[in-house]
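Everything on this sheet refers to the single structure shown next.
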Amino acid sequence: MNNDVLNGKWMQMKGEVRRQWGKLTDDDVSQIEGNSEKLIGKLQERYGYARDQAEREYNAWMNNAGQPNPIR
């Protein structure tokens with residue numbers, strides 16, 4: 001899934017973002033507006049991640065987006 005898809009499906013994916021990164025607030029998610037750079041920046045801000053770590057988490061999440069969640 002690429003960034004255009006994230007932007008286009010943002011309304012549907014907001015809940016997934018909140019489940020994945022629970023420290024993000026509703027205001028954070030609203031400000032992101034489907035923009036990958038804003039999401040990565042918010043991950044850095046809320047989790048104290050370095051840029052490369054935030055990008056790795058984002059990329060891993062995007063690669064799994066739309067996949068069924070494993071049973072835990």
Please name all residue pairs, on different chains or six or more residues apart, with Cβ atoms under 6 Å, provided the first residue is in segment 21-32 and is β-branched (Val, Ile, Thr) and the second residue is open to solvent by 60 Å² or more (accessible area, probe 1.4 Å) and modelled with pLDDT of 95 or more.
Ile32/Lys38
Pairs under 8 Å by beta carbon, first residue modelled with pLDDT of 90 or more in segment 56-72, partner open to solvent by less than 80 Å² (accessible area, probe 1.4 Å) and not in a loop (DSSP other than H, G, I, E, B), six or more apart or different chains?
Glu57/Leu43; Tyr58/Ser36; Tyr58/Leu39; Tyr58/Ile40; Tyr58/Leu43
Taking segment 16-31 on its own, how many of its residues are within 17 Å of Ala65 (Cα to Cα) and either of a type in the set (Gly, Ala, Ser) or assigned to a helix (DSSP H, G or I) (or both)?
7
Going through segment 1-15 one residue at a time, which ones are at pLDDT 80 or above, in a helix (DSSP H, G or I) and surrounded by 13 or more Cβ atoms within 10 Å (Cβ to Cβ)?
Trp10, Met13, Lys14
What are the residues in segment 16-36 that are more than 14 Å from Glu57 (Cβ to Cβ) and open to solvent by 10 Å² or more (accessible area, probe 1.4 Å), if any?
Arg18, Thr25, Asp26, Asp27, Ser30, Gln31, Glu33, Asn35
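The values are calculated or read from the model by the stated rules, or taken from the named source; none is laboratory data. Not measured: the values here are computed from a predicted model. When we count neighbours, we look across all protein chains shown, and the Cβ atoms used for this are built from the backbone with ideal geometry, even at glycine. Side chains are part of the model used for accessible areas, which takes the heavy atoms of the whole protein and leaves out ligands, DNA and RNA. Shrake-Rupley method; radii C 1.70, N 1.55, O 1.52, S 1.80 Å.
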